[in-house]
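Chemist: Dumping the structure here so I can ask a few things about it.
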Amino acid sequence: MTTVTAYAATSADAPLTRTTITRRDVGPHDVAFDIHFAGICHSDIHTVRGEWGQANYPVVPGHEIAGIVTEIGSQVTKFTVGDRVGIGCFVDSCRECDECRAGNEQYCTGSGMVGTYNAVDRDGQPTQGGYSGAIVVDENYVLRIPDAIALDKAAPLLCAGITTYSPLRHWNAGPGKKVAVIGLGGLGHLGVKIAAAMGAEVTVLSQSLKKMEDGLRLGATAYHATSDRDTFKQLRGTFDLIINTVSANLDLGDYLKLLKVDGTLVELGMPEHPMSVPAPALIGGRRSIAGSMIGGIAETQEMLDFCAEHDVTPEIEIIAPDYINEAYERVVASDVRYRFVIDTAGLR
């Protein structure tokens, strides 16, 4: 066991504080790496504040993790010391169910995927995330970060990037397709960049026009305010695909009517209250509503390679670990453009 410095939450209403945690010794199939950067995802905040149920305190958040390999196990074949690597939202799964064998480990139907933090690993110990100096993970759940992507920019791709890439790829965003992205935040801004890089015609649907200049700069060809009721009249029957990156409870009937016949609206956020879907909005255009959650290991690697090839990286603000609590408040207030990334040098 090795001891590393970390920032942990000890209760739902307490600030994250500096502490130490232990990491397991490197096993035959393990990769150990120093963490250089860790992104802050809104999921981290929901978890540590108990908004998605009681957390297993103390919990070290962080599932957007990028760093450099320092040690490998005796049977590791995929990585060597010095490699640039990352970890996303999970660090294990059953490996035997149909979904795991198909590369959809995030939908593991066996024992379920093991979250990078606030979960229990195979050794019975709680998993702790990336707000720390180092980590040890089985090589099968480690991603290779292409040289073309800086480590600080790579971190948010490991959650926000794959969360938007996966549905865009699955529902065939590309040339000749019209895609709308609801919300221009941590997820949405990457959704715009990735959809545009795939060749789709991209529209941002946001509550106001205050980020319109950003949206067009990031690759959108149109930007509309959903607070304006004329938007829903003007765009009715326009889109092949809509990805909803916000967690607010929207009037889904309004948005479903923006789809063409056979169009799909994909939910990526987690609204506080149950969603209500009006049947006429579905039936009237043979429309679908679907959900999507991150991606498997192979698809996440594919996403990283795609982003390297097309120069797609997130817009980030680098912070020191002692700014984490202030950053949380700014995320909740939507006061970040567009992702906080922790420089963990002070934790190594």
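The values are calculated or read from the model by the stated rules, or taken from the named source; none is laboratory data. These figures come from a predicted structure and were not determined experimentally. Reconstructed Cβ throughout: ideal geometry from the backbone, glycine too, with neighbour counts over all protein chains shown. What goes into the accessible areas is simple: the full protein's heavy atoms, side chains included, and nothing from ligands, DNA or RNA. Shrake-Rupley method; radii C 1.70, N 1.55, O 1.52, S 1.80 Å.
Chemist: Rounded to the nearest 0.05, what FRET efficiency do Thr22 and Ile68 give with R0 = 35 Å and r taken as the Cβ-Cβ distance? Could you check?
Modeler: Numbers: r = 21 Å, r/R0 = 0.59.
Calculated value: 0.95.
Chemist: Moving to a separate point now. From the phi of every residue in the range 267-279, what ³J(HN,Hα) in whole Hz does the Karplus formula 6.51 cos²θ - 1.76 cosθ + 1.60 yield, where θ is phi - 60° and glycine or proline is x?
Modeler: Once rounded to whole Hz, the list reads 8, 10, x, 10, x, 5, 10, x, 7, 10, 10, x, 4.
Chemist: Using only helices, what value at 222 nm comes out for the chain when you add -39,500 (n - 2.57) per DSSP H run of length 4 or more and divide by the total residues, to the nearest 500 deg cm²/dmol?
Modeler: -6000 deg cm²/dmol
Chemist: Could you provide, to the nearest whole Å², the per residue accessible area of the chain with probe 1.4 Å?
Modeler: Ligands and nucleic acids excluded, the result is 42 Å² per residue.
Chemist: Can you bin the range 14-120 into rounded, prolate or oblate? Criterion: square roots of the alpha carbon gyration tensor eigenvalues sorted a ≥ b ≥ c, rounded for a/c under 1.5, prolate for a/b above b/c, oblate for the rest.
Modeler: Oblate shape, in that a/c is at least 1.5 and b/c is the bigger or equal ratio.
Chemist: Ok, one more. Let me make sure I get this right: for the range 161-291, a, b and c are the square roots of the gyration tensor eigenvalues over alpha carbons, sorted descending. Under 1.5 in a/c it's rounded, otherwise prolate if a/b > b/c, else oblate. Which is it?
Modeler: Values: a/c = 1.33, a/b = 1.23, b/c = 1.08.
Rounded, since a/c falls under 1.5.
Chemist: So for the range 1-150, averaging the separation of alpha carbon pairs under 8 Å that are six or more residues apart and normalising by length, what relative contact order in percent results?
Modeler: Worked out over the range 1-150, it gives 27 percent.
Chemist: Sorting Arg23, Arg287 by accessible area (1.4 Å probe), largest first, what list results?
Modeler: Order by accessible area, largest first: Arg287, Arg23.
Chemist: How large is ³J(HN,Hα), in whole Hz, for each residue of the range 90-97 in order, when computed from phi with the Karplus curve 6.51 cos²θ - 1.76 cosθ + 1.60 and θ = phi - 60°, using x for Gly and Pro?
Modeler: Values per residue, Gly and Pro as x: 9, 10, 5, 6, 5, 6, 10, 6 Hz.
Chemist: Continuing with this model, one more query. Taking H as built 1.01 Å from N, whose amide H comes closer than 5 Å to the amide H of Phe239, not counting residues under 5 places away?
Modeler: Long-range HN contacts for Phe239: Leu259, Lys260.
Chemist: Can you give me the % of accessible surface on the chain that is carbon or sulfur? Probe 1.4 Å, all protein chains present, nothing else counted.
Modeler: Working: 7130 of 14690 Å².
Result for the chain: 49 percent of the exposed heavy-atom area is carbon or sulfur.
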